[in-house]
Amino acid sequence: MASNRTFTMIKPDAVKAGNIGNILQMINAGGFKIVALKYTQLSKADAETFYAVHNERPFFGELVEFMTSGPIVSAILEKDNAVEDFRTLIGATNPADAAEGTIRKAYANSIGENAVHGSDSDDNAAIEGMFHFSGREIH
Ligand code: ADP
């Protein structure tokens, strides 16, 4: 059964560009309820752990450097079919391939600096949410 929660980050590029409010607005308009929310910055160790699945990829160093380059907003979102529906709302990894109306189409710059993260499975949504939030930060 599909879970009703997913995890997201508004990445440093979108925060620097002043798009926190615009992206939260798109998330709300997409029918997602914010159940946890934090303005924070990842350490190098945080980013390496969070993206450990990609540590053999050629872009891993660049990804860690980018994700630690400034503050982010992390959030847990609730909606029926949350993981799949949120992947649809954010659009393709490369904004050049992202559909009209998606967050990445509106606010992403490149395949690396692509404005938002969205969990790719129910299991990862739970793991990623627990990485960022304690139980009493989730409402
Ligand atoms: P998604 O975030 O859409 O699930 P992936 O899991 O494939 O995409 O990649 C994780 C993140 O790594 C991407 O969101 C992006 O920031 C970065 N990334 C992916 N592919 C590349 C690439 N070819 N060059 C640089 N960064 C990349």
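The values are calculated or read from the model by the stated rules, or taken from the named source; none is laboratory data. Not measured: the values here are computed from a predicted model. Positions of Cβ are generated from backbone atoms using ideal geometry, with glycine treated the same way; all protein chains shown enter the neighbour counts. Just the protein is used for accessible areas: all its heavy atoms, side chains included, with ligands, DNA and RNA removed. Shrake-Rupley method; radii C 1.70, N 1.55, O 1.52, S 1.80 Å.
Descriptive notes on the structure:
- Single residue of the stretch 62-82 satisfying the filter (more than 14 Å from I27 (Cβ to Cβ) and open to solvent by less than 50 Å² (accessible area, probe 1.4 Å)) that is nearest to the ligand (Cβ to nearest atom): L63
- Some residue of the stretch 30-44 being among the hydroxyl-bearing types (S, T, Y), closer than 14 Å to G118 by Cβ, modelled with pLDDT of 95 or more and open to solvent by less than 50 Å² (accessible area, probe 1.4 Å): no
- Which numbered condition G31 misses (of (1) in contact with an Asp or Glu (Cβ under 8 Å, 6 or more places away or on another chain); (2) at negative phi): (2)
- Candidate set from the stretch 51-60 (those that are part of a helix (DSSP H, G or I) and within 10 Å of the ligand (Cβ to nearest atom)); member that is farthest from A108 (Cα to Cα): V53
- Any hit, the stretch 40-50, residues being among the small types (G, A, S) and either in contact with a strand residue (DSSP E or B) (Cβ under 8 Å, 6 or more places away or on another chain) or within 15 Å of the ligand (Cβ to nearest atom) (or both): yes
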